[in-house]
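Written out below as structure tokens is the structure these notes cover.
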Amino acid sequence: MLNVVVLWNTVYFQKIIAEMRAEGIHVRDEDVARLSPLKFAHINFHGRYSFALPNEVQGGQLRSTVKPERTATTI
């Protein structure tokens, strides 16, 4: 199950990075290389997982990503 969650996170990392680059946001390859799909609170290494899928995912599409409000902070 952990492998499934890691794969899911990796697919969405790729989607979000592609969206950011398409919007003109500079994403350094060095930073992408250091991302880990394991560093998130929603991964429960010792518990149960629920895979209730939204209709769009059941149809083979990725769910839409949630974009935070733009801030004036530059990274």
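The values are calculated or read from the model by the stated rules, or taken from the named source; none is laboratory data. None of these values were measured; they are calculated from a predicted model. Here the Cβ positions follow ideal geometry from the backbone for every residue, glycine too, while neighbour counts run over all protein chains shown.
Of all residues in region 18-75, those being at pLDDT below 80, charged (D, E, K, R) and under 12 Å from the mean Cα position of the chain (by Cα) number 3.
Applying the criterion of being more than 8 Å from the chain's Cα centre (by Cα) and of a type in the set (Val, Ile, Thr) to the residues of region 1-17, the residue that is surrounded by the fewest Cβ atoms within 10 Å (Cβ to Cβ) is Val4.
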